[in-house]
Amino acid sequence: MAGHDYEAVKAEIKKIVPNDEYDDGSTGPVLVRLAWHASGTYDKETGTGGSNGATMRYKIESSDSANNGLEHARKFLEPIKEKFPWISYSDLWTLGGVVAIEAMGGPVVPWKPGRVDDVDDKYVPPNGRLPDASQGAAHIRSIFYRMGFNDQEIVALSGAHNLGRCHGDRSGFEGPWVPNPTRFNNTYFKLLLHAEWVKSKNSLGNEQFYSDDGELMMLPTDMSLVTDPKFRVWVEKYAKDKDFFFNDFSAAFAKLIELGVTRGPEGLALRKYSTVARARL
(Lines give C-alpha, C1' and ligand atoms only; values in the text may rest on other atoms or scores of the structure.)
Protein backbone atom coordinates (compact mmCIF):
# COMPACT_ATOMS: atom_id res chain seq x y z
CA MET A 1 0.00 0.00 0.00
CA ALA A 2 3.01 2.27 0.44
CA GLY A 3 3.19 4.94 -2.24
CA HIS A 4 -0.38 4.51 -3.44
CA ASP A 5 -2.28 7.75 -3.86
CA TYR A 6 -5.71 7.10 -2.36
CA GLU A 7 -6.49 10.81 -2.36
CA ALA A 8 -6.28 10.72 -6.15
CA VAL A 9 -8.73 7.81 -6.20
CA LYS A 10 -11.11 9.70 -3.92
CA ALA A 11 -10.94 12.73 -6.19
CA GLU A 12 -11.90 10.62 -9.21
CA ILE A 13 -14.81 9.03 -7.34
CA LYS A 14 -16.07 12.45 -6.29
CA LYS A 15 -16.09 13.52 -9.96
CA ILE A 16 -18.52 10.75 -10.95
CA VAL A 17 -21.06 11.39 -8.17
CA PRO A 18 -22.94 14.11 -10.13
CA ASN A 19 -24.56 12.41 -13.13
CA ASP A 20 -27.53 14.04 -14.86
CA GLU A 21 -28.26 10.85 -16.80
CA TYR A 22 -28.75 8.60 -13.77
CA ASP A 23 -31.70 8.50 -11.38
CA ASP A 24 -32.04 11.83 -9.54
CA GLY A 25 -28.86 13.24 -11.04
CA SER A 26 -26.41 11.38 -8.84
CA THR A 27 -24.59 8.06 -8.71
CA GLY A 28 -24.01 8.63 -4.99
CA PRO A 29 -26.91 6.59 -3.59
CA VAL A 30 -26.11 3.49 -5.65
CA LEU A 31 -22.42 3.75 -4.70
CA VAL A 32 -23.43 3.76 -1.03
CA ARG A 33 -25.69 0.76 -1.65
CA LEU A 34 -22.81 -1.12 -3.30
CA ALA A 35 -20.52 -0.54 -0.32
CA TRP A 36 -23.28 -1.65 2.06
CA HIS A 37 -24.30 -4.79 0.15
CA ALA A 38 -20.70 -5.81 -0.46
CA SER A 39 -20.15 -5.69 3.31
CA GLY A 40 -23.52 -6.77 4.70
CA THR A 41 -23.10 -10.48 3.97
CA TYR A 42 -20.93 -10.92 7.07
CA ASP A 43 -21.65 -13.67 9.59
CA LYS A 44 -19.84 -13.19 12.90
CA GLU A 45 -20.24 -16.86 13.89
CA THR A 46 -18.31 -18.20 10.92
CA GLY A 47 -16.36 -15.12 9.89
CA THR A 48 -17.60 -15.50 6.32
CA GLY A 49 -18.82 -12.74 4.04
CA GLY A 50 -18.07 -9.06 4.43
CA SER A 51 -16.23 -6.51 2.33
CA ASN A 52 -12.97 -8.41 1.86
CA GLY A 53 -12.67 -10.34 -1.37
CA ALA A 54 -15.11 -8.31 -3.53
CA THR A 55 -17.08 -11.51 -4.01
CA MET A 56 -19.91 -9.72 -5.82
CA ARG A 57 -17.70 -9.97 -8.91
CA TYR A 58 -18.88 -13.58 -9.12
CA LYS A 59 -22.26 -14.58 -10.50
CA ILE A 60 -23.32 -16.46 -7.37
CA GLU A 61 -23.48 -13.20 -5.42
CA SER A 62 -24.15 -10.68 -8.16
CA SER A 63 -27.26 -12.65 -9.20
CA ASP A 64 -28.75 -12.46 -5.69
CA SER A 65 -32.01 -10.53 -6.18
CA ALA A 66 -31.05 -8.26 -3.28
CA ASN A 67 -28.19 -6.98 -5.46
CA ASN A 68 -30.32 -6.09 -8.48
CA GLY A 69 -29.16 -2.80 -9.97
CA LEU A 70 -25.71 -2.83 -8.41
CA GLU A 71 -24.20 -3.63 -11.77
CA HIS A 72 -24.68 0.10 -12.45
CA ALA A 73 -22.53 1.05 -9.46
CA ARG A 74 -19.82 -1.41 -10.43
CA LYS A 75 -19.87 -0.05 -13.99
CA PHE A 76 -19.57 3.55 -12.78
CA LEU A 77 -16.44 2.63 -10.82
CA GLU A 78 -14.79 0.51 -13.53
CA PRO A 79 -13.02 3.42 -15.31
CA ILE A 80 -11.48 4.38 -11.96
CA LYS A 81 -10.27 0.83 -11.47
CA GLU A 82 -8.71 0.98 -14.94
CA LYS A 83 -7.00 4.27 -14.10
CA PHE A 84 -5.71 2.95 -10.77
CA PRO A 85 -5.23 -0.81 -11.35
CA TRP A 86 -3.36 -1.22 -8.07
CA ILE A 87 -6.48 -0.63 -5.95
CA SER A 88 -8.50 -3.74 -5.13
CA TYR A 89 -12.17 -3.85 -6.04
CA SER A 90 -13.01 -4.43 -2.39
CA ASP A 91 -11.18 -1.23 -1.42
CA LEU A 92 -12.66 0.69 -4.36
CA TRP A 93 -16.25 -0.33 -3.64
CA THR A 94 -16.05 0.58 0.05
CA LEU A 95 -14.19 3.81 -0.66
CA GLY A 96 -16.81 4.66 -3.27
CA GLY A 97 -19.52 4.55 -0.61
CA VAL A 98 -17.51 6.63 1.83
CA VAL A 99 -16.70 9.33 -0.74
CA ALA A 100 -20.30 9.43 -1.97
CA ILE A 101 -21.67 9.94 1.54
CA GLU A 102 -19.40 12.92 2.13
CA ALA A 103 -20.02 14.32 -1.37
CA MET A 104 -23.77 14.32 -0.68
CA GLY A 105 -23.38 16.32 2.53
CA GLY A 106 -22.96 13.44 4.93
CA PRO A 107 -20.34 12.81 7.59
CA VAL A 108 -16.75 11.80 7.06
CA VAL A 109 -16.56 8.02 7.51
CA PRO A 110 -13.21 6.53 8.59
CA TRP A 111 -11.82 4.19 5.93
CA LYS A 112 -8.69 2.05 5.73
CA PRO A 113 -7.24 0.37 2.64
CA GLY A 114 -5.80 -3.15 2.49
CA ARG A 115 -8.69 -5.38 1.40
CA VAL A 116 -7.64 -8.09 -1.01
CA ASP A 117 -9.75 -9.44 -3.87
CA ASP A 118 -10.43 -13.15 -4.11
CA VAL A 119 -9.15 -14.93 -7.19
CA ASP A 120 -12.10 -17.34 -7.49
CA ASP A 121 -15.59 -17.88 -6.06
CA LYS A 122 -14.53 -20.27 -3.29
CA TYR A 123 -15.41 -17.82 -0.52
CA VAL A 124 -18.61 -16.34 -1.93
CA PRO A 125 -21.15 -16.23 0.92
CA PRO A 126 -24.58 -17.82 0.42
CA ASN A 127 -27.41 -15.71 -0.89
CA GLY A 128 -30.13 -14.57 1.48
CA ARG A 129 -27.99 -12.72 4.01
CA LEU A 130 -29.23 -9.24 3.08
CA PRO A 131 -32.46 -7.70 4.46
CA ASP A 132 -35.89 -8.42 3.00
CA ALA A 133 -37.70 -5.07 2.91
CA SER A 134 -41.11 -6.71 3.20
CA GLN A 135 -40.36 -7.95 6.72
CA GLY A 136 -40.47 -6.41 10.20
CA ALA A 137 -38.41 -5.83 13.33
CA ALA A 138 -37.63 -9.47 14.12
CA HIS A 139 -36.19 -9.99 10.64
CA ILE A 140 -34.11 -6.82 10.80
CA ARG A 141 -32.62 -7.87 14.11
CA SER A 142 -31.81 -11.37 12.85
CA ILE A 143 -29.93 -9.89 9.88
CA PHE A 144 -28.02 -7.21 11.76
CA TYR A 145 -27.36 -9.15 14.95
CA ARG A 146 -25.76 -11.82 12.75
CA MET A 147 -23.25 -9.17 11.69
CA GLY A 148 -22.66 -7.94 15.24
CA PHE A 149 -24.74 -4.75 15.29
CA ASN A 150 -27.03 -3.57 18.10
CA ASP A 151 -30.37 -1.74 17.92
CA GLN A 152 -28.81 1.72 17.93
CA GLU A 153 -26.49 0.82 15.06
CA ILE A 154 -29.37 -0.75 13.11
CA VAL A 155 -31.36 2.49 13.25
CA ALA A 156 -28.31 4.62 12.44
CA LEU A 157 -27.51 2.53 9.36
CA SER A 158 -31.16 2.68 8.29
CA GLY A 159 -30.60 6.41 7.96
CA ALA A 160 -28.93 5.63 4.63
CA HIS A 161 -32.52 5.72 3.34
CA ASN A 162 -32.11 9.48 3.29
CA LEU A 163 -30.51 8.65 -0.06
CA GLY A 164 -31.81 7.21 -3.30
CA ARG A 165 -35.05 5.56 -4.27
CA CYS A 166 -36.53 2.12 -4.83
CA HIS A 167 -36.95 0.76 -8.35
CA GLY A 168 -39.71 -1.69 -9.11
CA ASP A 169 -37.57 -3.69 -11.53
CA ARG A 170 -34.87 -4.17 -8.89
CA SER A 171 -36.54 -4.55 -5.50
CA GLY A 172 -40.25 -4.73 -6.24
CA PHE A 173 -40.74 -1.41 -4.41
CA GLU A 174 -41.10 2.04 -5.92
CA GLY A 175 -40.24 5.62 -5.04
CA PRO A 176 -37.98 7.81 -2.88
CA TRP A 177 -38.01 8.02 0.90
CA VAL A 178 -37.34 11.77 1.07
CA PRO A 179 -37.92 14.84 -1.16
CA ASN A 180 -34.21 15.36 -1.88
CA PRO A 181 -32.74 11.85 -2.27
CA THR A 182 -29.25 13.03 -3.17
CA ARG A 183 -28.63 15.03 0.02
CA PHE A 184 -27.63 13.21 3.19
CA ASN A 185 -29.62 14.45 6.17
CA ASN A 186 -31.86 13.27 9.02
CA THR A 187 -35.06 13.98 7.06
CA TYR A 188 -35.82 10.25 6.86
CA PHE A 189 -36.28 10.05 10.63
CA LYS A 190 -38.39 13.19 10.78
CA LEU A 191 -40.70 11.84 8.10
CA LEU A 192 -40.99 8.46 9.80
CA LEU A 193 -42.27 10.18 12.92
CA HIS A 194 -44.33 13.08 11.63
CA ALA A 195 -45.68 12.26 8.15
CA GLU A 196 -48.94 10.39 7.64
CA TRP A 197 -48.23 6.99 6.09
CA VAL A 198 -50.84 4.85 4.38
CA LYS A 199 -50.30 1.20 3.52
CA SER A 200 -51.15 0.34 -0.07
CA LYS A 201 -50.02 -1.93 -2.88
CA ASN A 202 -47.70 -0.52 -5.50
CA SER A 203 -47.98 -1.14 -9.25
CA LEU A 204 -46.31 -4.52 -8.80
CA GLY A 205 -48.72 -5.64 -6.11
CA ASN A 206 -46.30 -5.30 -3.19
CA GLU A 207 -47.31 -3.53 0.01
CA GLN A 208 -45.50 -0.35 0.94
CA PHE A 209 -46.41 2.87 2.72
CA TYR A 210 -47.19 6.14 0.94
CA SER A 211 -47.19 9.74 2.12
CA ASP A 212 -50.55 11.51 1.90
CA ASP A 213 -49.58 13.11 -1.43
CA GLY A 214 -48.27 9.81 -2.81
CA GLU A 215 -44.87 11.31 -3.60
CA LEU A 216 -42.81 9.52 -0.94
CA MET A 217 -42.75 5.99 0.39
CA MET A 218 -41.56 3.85 3.26
CA LEU A 219 -40.90 0.13 3.30
CA PRO A 220 -42.34 -2.29 5.87
CA THR A 221 -38.86 -2.53 7.42
CA ASP A 222 -38.75 1.27 7.71
CA MET A 223 -42.08 1.41 9.51
CA SER A 224 -40.93 -1.23 12.00
CA LEU A 225 -38.42 1.33 13.28
CA VAL A 226 -41.28 3.41 14.69
CA THR A 227 -43.59 0.58 15.75
CA ASP A 228 -40.88 -1.22 17.72
CA PRO A 229 -40.29 0.70 20.99
CA LYS A 230 -36.56 -0.07 21.22
CA PHE A 231 -35.94 1.10 17.68
CA ARG A 232 -38.21 4.13 18.03
CA VAL A 233 -36.10 5.59 20.83
CA TRP A 234 -33.25 6.03 18.37
CA VAL A 235 -35.47 7.30 15.56
CA GLU A 236 -36.63 10.07 17.90
CA LYS A 237 -33.06 10.95 18.92
CA TYR A 238 -31.86 11.15 15.32
CA ALA A 239 -34.89 13.15 14.19
CA LYS A 240 -34.09 15.78 16.83
CA ASP A 241 -30.33 16.01 16.38
CA LYS A 242 -28.68 15.73 12.96
CA ASP A 243 -25.15 15.96 14.35
CA PHE A 244 -25.85 13.14 16.79
CA PHE A 245 -27.15 11.02 13.90
CA PHE A 246 -24.15 11.87 11.71
CA ASN A 247 -21.72 10.81 14.44
CA ASP A 248 -23.48 7.50 15.02
CA PHE A 249 -23.93 6.82 11.32
CA SER A 250 -20.24 7.46 10.65
CA ALA A 251 -19.21 4.99 13.35
CA ALA A 252 -21.71 2.34 12.25
CA PHE A 253 -20.84 2.61 8.54
CA ALA A 254 -17.13 2.45 9.32
CA LYS A 255 -17.81 -0.74 11.27
CA LEU A 256 -19.93 -2.13 8.41
CA ILE A 257 -17.25 -1.76 5.74
CA GLU A 258 -14.65 -3.41 8.00
CA LEU A 259 -16.76 -6.55 8.46
CA GLY A 260 -14.88 -9.63 7.31
CA VAL A 261 -11.55 -7.80 7.31
CA THR A 262 -8.85 -9.35 9.49
CA ARG A 263 -5.66 -7.39 8.99
CA GLY A 264 -2.21 -8.89 8.94
CA PRO A 265 1.20 -7.40 8.18
CA GLU A 266 1.13 -3.89 6.72
CA GLY A 267 -2.64 -3.75 7.20
CA LEU A 268 -3.42 -6.21 4.40
CA ALA A 269 -6.59 -8.24 4.86
CA LEU A 270 -6.30 -11.97 5.41
CA ARG A 271 -8.68 -14.85 4.87
CA LYS A 272 -9.41 -16.07 8.40
CA TYR A 273 -12.42 -18.20 9.25
CA SER A 274 -13.67 -20.11 12.23
CA THR A 275 -13.39 -23.90 12.41
CA VAL A 276 -17.10 -24.10 11.59
CA ALA A 277 -16.64 -22.06 8.44
CA ARG A 278 -13.59 -24.01 7.24
CA ALA A 279 -15.56 -27.21 7.54
CA ARG A 280 -18.23 -25.77 5.27
CA LEU A 281 -15.92 -24.37 2.58
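Would you mention how many residues in region 27-86 are in contact with a Gly (Cβ under 8 Å, 6 or more places away or on another chain) and among the basic types (Lys, Arg)? Count: 2.
For the condition assigned to a strand (DSSP E or B) and surrounded by fewer than 16 Cβ atoms within 10 Å (Cβ to Cβ), VAL108 does not qualify.
So, in region 174-190, exactly how many residues are touching a Pro at 6+ places or on another chain (Cβ under 9 Å) and either open to solvent by 20 Å² or more (accessible area, probe 1.4 Å) or aromatic (Phe, Trp, Tyr) (or both)?
3
Among the residues of region 226-248, none qualifies, meaning not one is more than 22 Å from LEU163 (Cβ to Cβ), at pLDDT below 95 and under 23 Å from the mean Cα position of the chain (by Cα).
May I ask you to list the residues in region 204-235 that are assigned to a helix (DSSP H, G or I) and crowded, with 16+ Cβ neighbours inside 10 Å? So that I can check it myself, show each step before the final result.
Initially, region 204-235 is screened for residues assigned to a helix (DSSP H, G or I), giving 220-227, 229-235.
Selection gives PRO220, THR221, ASP222, MET223, SER224, LEU225, VAL226, PHE231, ARG232, TRP234, VAL235.
Checked against the criterion of being farther than 24 Å from LYS112 by Cα and within 17 Å of the chain's Cα centre (by Cα), the candidates SER65, SER51, SER39 yield just one match: SER65. Among residues of region 30-44 that are aromatic (Phe, Trp, Tyr), those with a Cβ under 7 angstrom from a residue that is modelled with pLDDT under 95, sequence gap 6+ or separate chain, pair up as TYR42/GLY260. Residues of region 66-78 that are assigned to a helix (DSSP H, G or I) and in contact with a helix residue (DSSP H, G or I) (Cβ under 8 Å, 6 or more places away or on another chain): ALA66, ASN67, LEU70, GLU71, HIS72, ALA73, ARG74, PHE76, LEU77.
Filtering GLU21, GLU71 for residues that are farther than 17 Å from PRO125 by Cα, under 19 Å from the mean Cα position of the chain (by Cα) and open to solvent by 20 Å² or more (accessible area, probe 1.4 Å) leaves a single hit, GLU71.
If the condition is being closer than 30 Å to SER88 by Cα, open to solvent by less than 30 Å² (accessible area, probe 1.4 Å) and among the small types (Gly, Ala, Ser), then region 111-147 contributes only GLY114.
Examine region 79-95 for a residue that is part of a loop (DSSP other than H, G, I, E, B), open to solvent by less than 10 Å² (accessible area, probe 1.4 Å) and of a type in the set (Ser, Thr, Tyr), and state whether such a residue exists.
Looking only at region 79-95, we keep the residues that are part of a loop (DSSP other than H, G, I, E, B), and these are 84-88.
Those still in the list that are open to solvent by less than 10 Å² (accessible area, probe 1.4 Å) too: 87.
Of the ones still in play, those that are also of a type in the set (Ser, Thr, Tyr) are none.
Checked against the condition, which is being part of a loop (DSSP other than H, G, I, E, B), open to solvent by less than 10 Å² (accessible area, probe 1.4 Å) and of a type in the set (Ser, Thr, Tyr), region 79-95 yields no hits at all.
Contact map, region 63-86: first residue over 14 Å from VAL32 (Cα atoms), second residue assigned to a helix (DSSP H, G or I) and hydrophobic (A, V, I, L, M, F, W, C), Cβ cut-off under 6 Å, separation 6 or more or different chains; pairs are LYS81/LEU92; PHE84/VAL9. One residue stands out among those in region 84-140 that are over 28 Å from PHE184 (Cβ atoms) and small (Gly, Ala, Ser): the one that is modelled with the lowest pLDDT, which is GLY128.
Kindly evaluate ALA11 against the criterion of being assigned to a helix (DSSP H, G or I) and open to solvent by 10 Å² or more (accessible area, probe 1.4 Å). If you could, list the steps in order and put the result at the bottom.
Numbers: assigned to a helix (DSSP H, G or I): yes; open to solvent by 10 Å² or more (accessible area, probe 1.4 Å): yes.
So ALA11 passes the test.
Per the conditions (1) open to solvent by 50 Å² or more (accessible area, probe 1.4 Å); (2) in contact with a helix residue (DSSP H, G or I) (Cβ under 8 Å, 6 or more places away or on another chain); (3) at pLDDT below 95, the sole criterion not satisfied by ASP169 is (2).
Conditions tested, residue by residue: (1) over 17 Å from the mean Cα position of the chain (by Cα); (2) in a helix (DSSP H, G or I).
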| site | (1), (2) |
| --- | --- |
| ARG141 | no, yes |
| PHE144 | no, yes |
| GLU153 | no, yes |
| ALA156 | no, yes |
| HIS161 | no, yes |
| ASP169 | yes, yes |
| ASN180 | yes, no |
| PHE184 | no, no |
| TYR188 | no, yes |
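Determine, yes or no, whether SER51 is of a type in the set (S, T, N, Q), open to solvent by less than 10 Å² (accessible area, probe 1.4 Å), at pLDDT 95 or above and part of a helix (DSSP H, G or I). No, not satisfied.
The values are calculated or read from the model by the stated rules, or taken from the named source; none is laboratory data. These numbers come from a predicted model, not from an experiment. Quick reminder, even Gly has a Cβ in these numbers, built from the backbone with ideal geometry, and neighbours come from all protein chains shown. To get the accessible areas, we keep the full protein, side chains included, count just its heavy atoms, and leave off ligands, DNA and RNA. Shrake-Rupley method; radii C 1.70, N 1.55, O 1.52, S 1.80 Å.
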